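Step one of this worksheet: look at the structure below.
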Amino acid sequence: MATTESSARSRLFADFRSILRCTACRGTLGQDREEFRCAFCGKTFPEIRGVFRFVEAENYAASFGWQWKRYSKTQLDTSEDSITAEDFRKRTGIQPEELRGKFILDVGCGMGRFAEVATRWGAQVVGIDLSLACEVASRNLSQRPFVAIQADVLNLPFAPESFDLIYSIGVLHHTPDCEQAFKSLPQYLKPGGTIAVWLYSGYNRWYRFSDLYRKFTRRISPRALNAFFRVIVPALYHLNRVLRAIPILGRPLAGAIHHVFPVNLAADPELRVLDTLDWYSPEFQSKHTYEQVFRWFESCGLDSLTVGELTLGMRGRKPASVGTRYATHDLDKLAPAELQPHD
């Protein structure tokens, strides 16, 4: 098994090196010890702590770097029937057989939660993240056919038409311009390849108070915010449970408090704090509708559009040839579902 895993990682890295391009001039890159160097402009991209760097800073994603280093394994579930695997299917519509033997790009890999599922289903995965979470993903999946790099979604270091499938789950809405981020991706997809995204829903009024609080919480350091949530989230969780046990008025009152003070109410204490932090700490957070996202897919020439089981997930296909006729869709059939916005 160890030999097989080593061979798979070697093949992945060979494929990975062949598609790399300079982010400054788009020239090909050669490896020189612990860095990649552009053959044309000479720009270098170093390997630091096991991860190649194609950006110089985390910029707006720094909170995620702290978050995933603090909660490096909270959402990592390697069991066959893991909740993450089910989330992957429901948010993207992608089934295990679609990934077997495929070369895949995970946009915003974080600590490797969904890349773990994709590699378990037989894919070779390249994960990109703007934050230092890429270091955590690299460690978590060190024995899998997976390579992580630190890069910006708007300027990825890859040749066009490199990947069989691209997915991004719960990430693009944390960029300064979600539409621009999405539209930057199809160029890296092979003809006939699939792209799938899951974004925060614009249909849910649950966001109203949390959006108000985020005007302040996103300015607080993730460390301080985490310390606050480790006190307030358990208190609100137990208050919710007590109120729901009270006949008649208890449940409506619990619902009202949760609406005004939205936090995660999962059974797992660590997950409750992590998901609440994930919601309140990012600098950017946008919400979207099927109508919006459908138009993004269509404007990129993608066809065969379908929606995931969980709002707001959508996938599409890059036509195998220029002459492919695009499918038509009835947007009225894309009915939104209520969903709390937690990664």
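A short reminder: the numbers here are calculations on the coordinates, not readings from a lab. Since the model is a prediction, treat every value here as computed from it, not as a measurement. Virtual Cβ from ideal backbone geometry, glycine too; neighbours counted across all protein chains shown.
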Problem set entry | Spacing of the two label points (7 Å from each Cα toward its C-beta) at Ser142 and Arg244, in nm | 4.0 nm
Exercise. Normalised by the residues of the chain, what does the relative contact order come to in percent, with Cα pairs under 8 Å and at least six apart?
Worked result: 18 percent
Problem set entry | Under-25-angstrom lysine pairs by C-alpha in the chain, whenever the two are 8 or more apart or on separate chains | 19
Exercise. In deg cm²/dmol, rounded to 500, what helix-only [θ] at 222 nm does the chain give when every DSSP H run of at least 4 residues adds -39500 (n - 2.57) and the total is split over its residues?
Worked result: -11500 deg cm²/dmol
For this session: Set the Förster distance to 51 Å, then compute FRET efficiency between Arg230 and Glu298 from the Cβ-Cβ distance, nearest 0.05.
Result: 0.70
Problem set entry | Distance from region 297-323 to region 59-96 (C-alpha centre basis), Å | 23 Å
Seminar exercise, completed: The convex hull of the Cα atoms of region 43-149, divided by residue count, gives a volume in Å³ per residue of 104 Å³
Problem set entry | Zone residues, region 233-259, relative to Phe209, backbone N less than 16 Å from point 7 Å out along Cα-to-Cβ | 233-244, 250-259
Exercise. Based on Cβ point charges of +1 for Lys and Arg and -1 for Asp and Glu, what charge dipole magnitude is obtained for the chain about its Cα centre, in debye rounded to the nearest 20?
Worked result: 460 debye
Exercise. What is the Cα radius of gyration of region 96-228 over 2.2 N^0.38 Å, N being its residue count?
Worked result: 1.14
Exercise. How much space per residue, in cubic angstrom, does the convex hull of the C-alpha atoms of region 153-251 take up?
Worked result: 175 Å³
Exercise. What is region 125-246's relative contact order, in percent, from Cα pairs under 8 angstrom and six or more apart in sequence?
Worked result: 19 percent
For this session: From the P(r) of region 207-280, can you give the percent of Cα pairs sitting at distances over 20 Å?
Result: 31 percent
Problem set entry | region 1-76: chymotrypsin sites (Phe, Trp or Tyr not before Pro) falling in loop per DSSP and having at most 14 other Cβ within 10 Å | Phe40
For this session: Please give the peptides 100-107, 81-88 ranked by average Cβ packing (other Cβ atoms within 10 Å per residue), highest first, as a rough proxy for protection.
Result: 100-107, 81-88
Problem set entry | q = 0.15, 0.23 Å⁻¹: log10 I(q)/I(0) that the Debye formula gives for region 1-64, counting C-alpha atoms only | -0.59, -0.99
Exercise. When a footprinting reagent is the concern and you count Cβ atoms within 10 Å, what order do Thr28, Thr92 take, fewest first?
Worked result: Thr28, Thr92
Problem set entry | Of the DSSP H helices in the chain, those whose Cα atoms cover at least 20 Å axially and whose Kyte score averages -0.5 or more | 2-19, 222-244
